[in-house]
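Shown next, in C-alpha cells, is the structure this report addresses.
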Amino acid sequence: MSKVDVGRYLERLGVAAPDAPSVAGLRALHAAHVARVPYETLEIHLGRATTVDPEESVARILRGRGGYCFHLNGAFATLLHALGYAVTRHRGGVQGSRTARPPGANANHLALTVVCEGETWFVDVGLGDALYEPLPLRSGEYRQGPFAYRLSPSAVEPGGWRFDHDPRGSFAGMDFTMATAGPDDFAAQHRELSTSPDSGFVRVVSAIRRDAESTDELRGCVLVRTDGDGRSERELTTEAAWFGALAEVFGLTLTDVGEEERSALWERVLSAHRTWVAARTG
C-alpha cells in the first residue's frame, strides 16, 4: 500500500494534501472522489480484464478512469492509508431488488470504515449514486442532496451493519460485516460480476457520478439526472452524443481507446439499447 503516488492521486481529486488525518479532510477527499472519479463498467464492455488489486486500480484512476466498488474503494483505501487514516476493508453485499431478501455480506461489494477523531465512519466511494460524504457509523437517518439514507444494525450479519438507500436510488441497500477483509475475499465475486452473462455489469454498460446536490447516471443509452427537482431522462442515440456525455458529464475522455474500439463499443451499446427498447414496447 506504500506504492501509491499520493501527489498525483490528490491532483486527480483536486484536493490539497492534508496536514494530518481529520474528519474534515476525510469528507473533502470522499466528496472529491465521487465527483471526479466515476463509477463505471466500461472495461468490461471493451473486453479488458481487470483485477481487484488495489495498485492496479490506483494506476487506472491516475490514467483518468474509474471502476466499480472493488476498484474505487480498493484504491481509495490505499490512498487513505498512505495519508495516515485508520481504514479497514469489509465484505459487503449489495441488495439490488427491494422485494428480495437481503443477501448478506456475500462479498459482491467492498465496504470501508475509518476511525477518525474518536469515531468510526462508514466510507464508500463505490456505491454509485449513494454516499457523497462519509456517515458516522451509528443508527440513524441521513440526508445528502436529493437522497435520504438509513444506517442500522444488520438483520442478517451478526455484529454487522445495514445501509438502506433512498427509494429513488439505483439499489435497495447493502449489508456489511465488521471483520477485516482483503483483496482475495473479493476475487471470485469480481470474476462473476465482470464475466457472467447474468451480471448486470455485463448486460448493460454504466457510468455514475455524484455531487452534493445531484447524481448523473448513464445506463446503456439513457442518461438520467436526479436532483432536488426530481428525475429527468435523455436518450442518447448517436455515437457523438454518447461519447460526448461520457466526456462532459463523467470526465471519461477515453484517450486510451482507439477509433476501432470506440466504434465497436458504440455498436454493442446501441444494439443492447435497441433490444431493451423493443422488449419494453413489444
Region 186-225, residues that are surrounded by fewer than 18 Cβ atoms within 10 Å (Cβ to Cβ) and among the acidic types (Asp, Glu) | GLU192, ASP198, ASP211, GLU213
Could you count how many residues in region 122-153 are more than 23 Å from LEU80 (Cβ to Cβ) and in contact with a Pro (Cβ under 8 Å, 6 or more places away or on another chain)?
-> 1
Which condition does GLY118 not pass, out of (1) without any contact (Cβ under 8 Å) to a residue 24 or more places away in the chain; (2) touching a strand residue (DSSP E or B) at 6+ places or on another chain (Cβ under 7 Å), if it passes all the others?
-> (2)
Looking at region 15-43, which of its residues are assigned to a helix (DSSP H, G or I) and either touching a Pro at 6+ places or on another chain (Cβ under 9 Å) or surrounded by 20 or more Cβ atoms within 10 Å (Cβ to Cβ) (or both)?
-> VAL23, ALA24, GLY25, LEU26, ARG27, ALA28, LEU29, HIS30, ALA31, HIS33, VAL34, LEU42
Region 26-70, residues that are of a type in the set (Gly, Ala, Ser) and within 16 Å of THR255 (Cβ to Cβ) = ALA59, GLY64, GLY66
Within region 51-66, how many residues turn out to be more than 15 Å from the chain's Cα centre (by Cα), within 14 Å of SER194 (Cβ to Cβ) and either β-branched (Val, Ile, Thr) or in a loop (DSSP other than H, G, I, E, B) (or both)?
-> 2
Please state which one of PHE201, PHE186 is touching a strand residue (DSSP E or B) at 6+ places or on another chain (Cβ under 8 Å), touching a residue at least 12 places away in the same chain (Cβ under 8 Å) and not in a loop (DSSP other than H, G, I, E, B).
-> PHE186
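Rule-based calculations on the coordinates, nothing more; no lab input. Keep in mind the model is a prediction, meaning the values are calculated, not measured. Ideal geometry is used to build each Cβ from the backbone, glycine not excepted, and the neighbour counts take in all protein chains shown.
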